[in-house]
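Peer 1: The structure that follows is given in the form of structure tokens.
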Amino acid sequence: MADVRIEHSFECDEDTFWKEIFFGEEFNRRMYLERLKFKQWEVTELRETESSIQRTVTVTPKVDDLPSAVKSLIGDSLAYREEGSFDKNLKRYTLTVVPSVMADKISVTGQTWVTPLGPSKCRRIFEAHVIVKVFGIGSIIEKKLIADLQLSYNAGATFTAEYLKERK
């Protein structure tokens, strides 16, 4: 079991973050496909009610540097489905990741929320909980997943800052 907390500050208010960044179609397409070079990032389901937004995203990240023990289990590629729910009242996004392989052995859950830091600045906080139940190498896979999350979120934060400057 491994946990991670990743925080970044952005030059926008909370509503802009959720509407134009987190749920923004252009932003996400550019960040995941162009910047992060994911093979696939696609919203496959989106339902909105008065109190929530339910979203399912199908993702195929690039995975160039898998440890050999991990590669022997999952092969050369990994895809996953992110099933998320945004609570409009709490302004909190809760997600579950369903991997394309070993879904019964890998559990990734998390939450994202934003804390205002003034009229046009906010801090995004992401916390994830990762459990991999594979005898002998579970902790190796957990560390790799956490490291990949940190790299992706850091690269995404850099892109977010650039995107926000660009749209001003």
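Peer 1: Within the range 122-168, count every residue that is among the acidic types (Asp, Glu) and either free of Cβ contacts under 8 Å to residues at least 24 places away in the same chain or buried (at least 19 other Cβ atoms within 10 Å of the Cβ) (or both).
Peer 2: The number of residues fulfilling the criteria is 3.
Peer 1: Considering the range 39-59 alone, what residues qualify as being loosely packed, with under 13 Cβ neighbours inside 10 Å, more than 13 Å from ARG29 (Cβ to Cβ) and not aliphatic (A, V, I, L, M)?
Peer 2: Within the range 39-59, THR44, GLU45, ARG47, GLU48, THR49, GLU50, SER51 meet the criteria.
Peer 1: I've got another one for you. State all residues of the range 90-117 that are in contact (Cβ under 8 Å) with a residue 60 or more places away in the chain and of a type in the set (Phe, Trp, Tyr); if no residue qualifies, say none.
Peer 2: Listed by number, the list holds a single entry, TYR93.
Peer 1: Pull out all pairs, ordered by first then second residue, where Cβ-Cβ is under 9 Å, the residues are six or more apart or on different chains, the first lies in the range 1-27 and is of a type in the set (Lys, Arg), and the second is in a strand (DSSP E or B).
Peer 2: From residues that are of a type in the set (Lys, Arg), the pairs are ARG5/ILE125; ARG5/PHE126; ARG5/GLU127; ARG5/ALA128.
Peer 1: Please go through the range 40-84 and pick out each residue that is among the hydroxyl-bearing types (Ser, Thr, Tyr), modelled with pLDDT of 95 or more and closer than 30 Å to ILE140 by Cα.
Peer 2: Across the range 40-84, the qualifying residues are THR56, THR58.
Peer 1: Within the range 85-119, restricting attention to residues that are at pLDDT below 95 and farther than 24 Å from THR58 by Cα, which residue is surrounded by the most Cβ atoms within 10 Å (Cβ to Cβ)?
Peer 2: So, considering only residues that are at pLDDT below 95 and farther than 24 Å from THR58 by Cα, the one surrounded by the most Cβ atoms within 10 Å (Cβ to Cβ) is GLY118.
The values are calculated or read from the model by the stated rules, or taken from the named source; none is laboratory data. None of the values given here were measured: they were computed from a predicted structure. Note that each Cβ is placed from the backbone with ideal geometry, even for glycine, and that neighbours are counted across all protein chains shown.
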